[in-house]
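Asks: One structure follows; several queries about it will come next.
The values are calculated or read from the model by the stated rules, or taken from the named source; none is laboratory data. Just so we're clear, the structure is a prediction, and the values are computed from it rather than from any experiment. Cβ: placed from backbone, ideal geometry, glycine included. Neighbour counts: every protein chain shown. All accessible areas refer to the heavy atoms of the entire protein, side chains included, with ligands and DNA or RNA removed. Shrake-Rupley method; radii C 1.70, N 1.55, O 1.52, S 1.80 Å.
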Amino acid sequence: MDVSGGSGQPRSGNDEPAERPAGPTAPSTGTGTGDGTDDSAAATQPTRNTEPTEPRPDAPKTPAEPGSERGTEPENASTTTGDGPPDDSAAPPSPTPPEAHDGTRAGRPDRGGSEPRAHAESGVGNGHGKGQGQGKPERPKGPGGGLLMGRPFGVPVYVAPSWFLVAALITWVFGGQLDRVLPELGAARYLVSLFFAVAFYASVLVHELAHTVAAIRFKLPVRRIQLQFFGGVSEIEKEAETPGREFILAFVGPLLSLVLAGLFYLAMQPVEPGTVPGVLLAGLMISNLIVAAFNLLPGLPLDGGRMLRAVVWKITGRPMSGTVAAAWVGRALAISVLIGLPLLNQSGALGSDAQDISGMDTVTDALLAAILAAIIWTGAGNSLRMARLREHLPELRARTLTRRAVPVETDTPLSEALRRANASGARALVIVDADGKPLSLVREAAIVGVPEHRRPWVAVSGLAQELTDGMRVSAELAGEDLLDVLRATPATEYLVVEKTGEIYGVLSAADVERAFVKAMARPA
């Protein structure tokens, strides 16, 4: 907004959209993500309203687009793993960017994207996510998403409800195997199987803690760890700054799984093979080997895909090139798993006697392959989307998205304030004191709610939101820095100021949301 804070007169310059309706428009201060309403522009006398927060029959549904400094709509504005389950749709910021990417490794969501992203790796379902976004599976607004189990290294660990389903499945399957190996256990075999399920997920937790410790070592914030269906997710909210760190961050998880497999192997040596401890140790050794091997496959969203991404990033110098290569390899892996896993099991290559495989086993193998393939395919797609968003994120600039505003005093009638806004081509109102110091912002949603015949009798002060320190945004902010500031103080409008403290304009959360959606829609 081009308004001088001292004089109270509109400055030269306009940030109105290129496709602006003919005639004067009311100032608008989008009411988007901050309060859950859609942005709306107030109708003015004698012109029209833009889309109100709640549709009204008398208001045209033309949302005001964010303006640019020169009066053209910004084409490059954009915003974001956190981690949430893979999702093909992008969730707009509120004005919070997705904080972790989605990527799943055999079941872990990893948000690759703004990247605030969450690496999700799954060792047979365990994953680490780096806020890729960041982004949107939708991740919870705060750490949560299940039963809190503890805070190792200060990072909350949650067990998702889906874990209990998988634990029951493992108990049932492993119990059936125990019945063949140790038939004398009887019904007690299910208690042993339950212990195995818990021990296995404890190994997955160690895998995730390896990613977490590495992230903390590189000063990357970790939002939470979640144990869930098919594995675990470490939600790391920032992307590694170098390909070397990215490689290390991805590799430490499978490395710890291999170390655990070695420890269980050593523990087996003094134990009698046909006993309960011997069977449990052998099962944990094999399961950790599978976790490590699966996660080392070179395709996103697996750890091996992160490692491949780091290698291509190092060679090309472009993180996006690494993401594209690793994501397409991940999609090829998904197809291979879908087709190859059932065929391998049917052929007996995975250790089963082909003659003992029943029709139910065939259906189970096909279902498991379909689930794993869907997780890998979706995670790879999420990584691509969030990487694209990260490429556009620096183009999200407060200065570009800011709406021009006019300063008005507290007792100014709404109709007069809107007349001044129309006359100067502004789209927002800032209430100032006698010295031109900004006091509050007139809320667009409140303007829309005042009938035209009442506007001459309503003072702007009754429609305003008092300014707090968090609602003052520097015009120089851009990208993740801008999103971090907006996320710290959720609101529908923000006052944008120059370094000198001079008023520049009003930033609507709804405009940020639209810029985010456009960034997600544009190709990299």
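Asks: Would you point out the residue of segment 481-508, among those that are polar (S, T, N, Q) and farther than 19 Å from residue 393 by Cα, that is most open to solvent (accessible area, probe 1.4 Å)?
Replies: 500
Asks: Next question, about the same structure. Go through (1) open to solvent by 60 Å² or more (accessible area, probe 1.4 Å); (2) in contact with a Phe, Trp or Tyr (Cβ under 7 Å, 6 or more places away or on another chain); (3) of a type in the set (Ser, Thr, Tyr) for residue 162 and report which single condition fails.
Replies: (1)
Asks: Something else: Any residue that is part of a helix (DSSP H, G or I), modelled with pLDDT under 95 and within 24 Å of the chain's Cα centre (by Cα) - is there at least one of those in segment 268-276?
Replies: Among the residues of segment 268-276, not one is part of a helix (DSSP H, G or I), modelled with pLDDT under 95 and within 24 Å of the chain's Cα centre (by Cα), which makes the answer no.
Asks: Tell me, which residue of segment 452-469 that is β-branched (Val, Ile, Thr) and closer than 16 Å to residue 420 by Cβ is surrounded by the fewest Cβ atoms within 10 Å (Cβ to Cβ)?
Replies: The residue in question is 458.
Asks: Exactly one condition in (1) in contact with a strand residue (DSSP E or B) (Cβ under 6 Å, 6 or more places away or on another chain); (2) in a helix (DSSP H, G or I) is not met by residue 465; state its number.
Replies: With (1) in contact with a strand residue (DSSP E or B) (Cβ under 6 Å, 6 or more places away or on another chain); (2) in a helix (DSSP H, G or I) applied to residue 465, the lone miss is (2).
Asks: Give me the pairs, please: first residue somewhere in segment 432-448 and on the phi > 0 side of the Ramachandran plot, second residue anywhere and surrounded by fewer than 21 Cβ atoms within 10 Å (Cβ to Cβ), beta-carbon distance under 6 Å, and either six or more positions apart or on two chains.
Replies: Filtered contacts from segment 432-448: 436/6; 436/8.
Asks: Would you call residue 359 at pLDDT below 80, surrounded by fewer than 24 Cβ atoms within 10 Å (Cβ to Cβ) and touching a helix residue (DSSP H, G or I) at 6+ places or on another chain (Cβ under 6 Å)?
Replies: no
Asks: Further question on the same structure: Does segment 303-339 hold any residues that are open to solvent by 70 Å² or more (accessible area, probe 1.4 Å) and touching a helix residue (DSSP H, G or I) at 6+ places or on another chain (Cβ under 6 Å), and which are they?
Replies: The answer is 314, 338.
Asks: Can you name every residue in segment 207-246 that is in a helix (DSSP H, G or I) and open to solvent by less than 50 Å² (accessible area, probe 1.4 Å)?
Replies: Scanning segment 207-246 gives 207, 208, 209, 210, 211, 212, 214, 215, 243, 244, 246.
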